[in-house]
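The values are calculated or read from the model by the stated rules, or taken from the named source; none is laboratory data. Given the structure is predicted, the values throughout are model-derived calculations rather than measurements. Using ideal geometry, Cβ is built from the backbone for each residue, glycine included, and neighbour counts are taken over all protein chains shown.
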Amino acid sequence: MMILITGGSKCGKSGFAESLLQAHTGPKIYLATMQPYGAEADIAISRHRKQREGKGFQTLEQYTDLHTIELPAHSAVLLECIGNLTANELFREKPADDCVSHIIRGLRHLHDTSDLFVAVTNQVGSDGIAYATGTALYIAAIGAVNQSAARLADQVYECVYGIPVLCKGGKPC
């Protein structure tokens with residue numbers, strides 16, 4: 001089963017995602033995609049580590065190439081987050097010819113090799129502002145990844161002011 005969680009910045013996505021894995025009895029993998037570049041990233045990484053302390057997660061830092069991950073049997077995976085992953089893949093030294101397809105390949109792999117796969121993403125590009133070329137490329141790529149991920153997911157939630165709103169599949173919270 002795959003669950004996609006989207007929303008704006010600091011809207012409760014991560015806490016909600018972690019709560020979905022609470023009852024899982026097998027291995028719980030926190031798949032961290034944020035590369036530790038600078039003080040702001042270090043603060044966010046520390047906050048997320050503290051948030052999941054004592055919750056039974058094994059942290060796996062994997063910034064690109066999700067299709068190469070070998071998971072233990074009966075794993076639940078929390079991917080934090082598609083936004084970082086997309087930036088990592090898009091702006092790496094030698095990006096894939098089709099970055100979006102490369103990312104979706106990794107998401108499908110996690111979907112197919114885990115018992116529960118929860119992916120967190122960000123809403124970007126809805127402000128209507130024209131951006132520099134690199135930023136516009138990123139917004140287009142994450143938009144395409146999010147659309148494909150939503151089609152792949154069994155359930156999709158949007159977190160609004162800390163409230164998860166069901167958009168696809170399942171029963172509302």
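One line per residue, one yes/no per condition, for (1) basic (Lys, Arg); (2) crowded, with 19+ Cβ neighbours inside 10 Å; (3) touching a strand residue (DSSP E or B) at 6+ places or on another chain (Cβ under 8 Å); (4) within 26 Å of ALA141 (Cα to Cα):
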site: GLY7; (1), (2), (3), (4): no, yes, yes, yes
site: LYS13; (1), (2), (3), (4): yes, yes, yes, yes
site: LEU31; (1), (2), (3), (4): no, yes, yes, yes
site: MET34; (1), (2), (3), (4): no, yes, yes, yes
site: ASP42; (1), (2), (3), (4): no, no, no, yes
site: ASP115; (1), (2), (3), (4): no, no, yes, no
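Looking at GLY83, GLY125, which one is modelled with pLDDT under 95 and surrounded by 14 or more Cβ atoms within 10 Å (Cβ to Cβ)? It would help to see each step written out before you state the result.
Details: GLY83 fails: modelled with pLDDT under 95.
So the residue among GLY83, GLY125 that is modelled with pLDDT under 95 and surrounded by 14 or more Cβ atoms within 10 Å (Cβ to Cβ) is GLY125.
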Residue list for the stretch 70-104, restricted to those being farther than 16 Å from ALA141 by Cβ, in a loop (DSSP other than H, G, I, E, B) and touching a strand residue (DSSP E or B) at 6+ places or on another chain (Cβ under 7 Å): LEU71, SER75
Which numbered condition TYR131 misses (of (1) outside any loop (DSSP other than H, G, I, E, B); (2) among the hydroxyl-bearing types (Ser, Thr, Tyr); (3) surrounded by fewer than 16 Cβ atoms within 10 Å (Cβ to Cβ)): (1)
Subset of the stretch 105-122 [at pLDDT 95 or above and assigned to a loop (DSSP other than H, G, I, E, B)]: SER114, ASP115, THR121
Identity of the residue in the stretch 134-158, surrounded by 14 or more Cβ atoms within 10 Å (Cβ to Cβ) and of a type in the set (Val, Ile, Thr), that ends up farthest from TYR30 (Cα to Cα): ILE139
Hits in the stretch 28-54 (condition: in a loop (DSSP other than H, G, I, E, B) and touching a Leu at 6+ places or on another chain (Cβ under 8 Å)): THR33
Where a residue in the stretch 77-99 is without any contact (Cβ under 8 Å) to a residue 12 or more places away in the chain and its partner, wherever it lies, is of a type outside the set (A, V, I, L, M, F, W, C), with Cβ under 7 Å and at least six apart: PRO95/GLU89; ALA96/GLU89; ALA96/HIS102
Among the candidates GLU80, GLU18, GLU61, GLU53, residue that is more than 23 Å from THR135 (Cβ to Cβ), touching a Ser or Thr at 6+ places or on another chain (Cβ under 9 Å) and among the charged types (D, E, K, R): GLU61
Close pairs (6 angstrom Cβ cut-off, 6 or more residues apart or separate chains): closer than 22 Å to ALA23 by Cα and at pLDDT 85 or above in the stretch 44-66, among the aromatic types (Phe, Trp, Tyr) and not in a helix (DSSP H, G or I) anywhere: PHE57/TYR30; THR59/TYR30
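How about the stretch 115-134: which of its residues are more than 15 Å from MET1 (Cβ to Cβ) and touching a residue at least 24 places away in the same chain (Cβ under 8 Å)? Give the derivation first.
First, the residues of the stretch 115-134 that are more than 15 Å from MET1 (Cβ to Cβ): 120-134.
The answer is VAL120, THR121, ASN122, GLN123, VAL124, GLY134.
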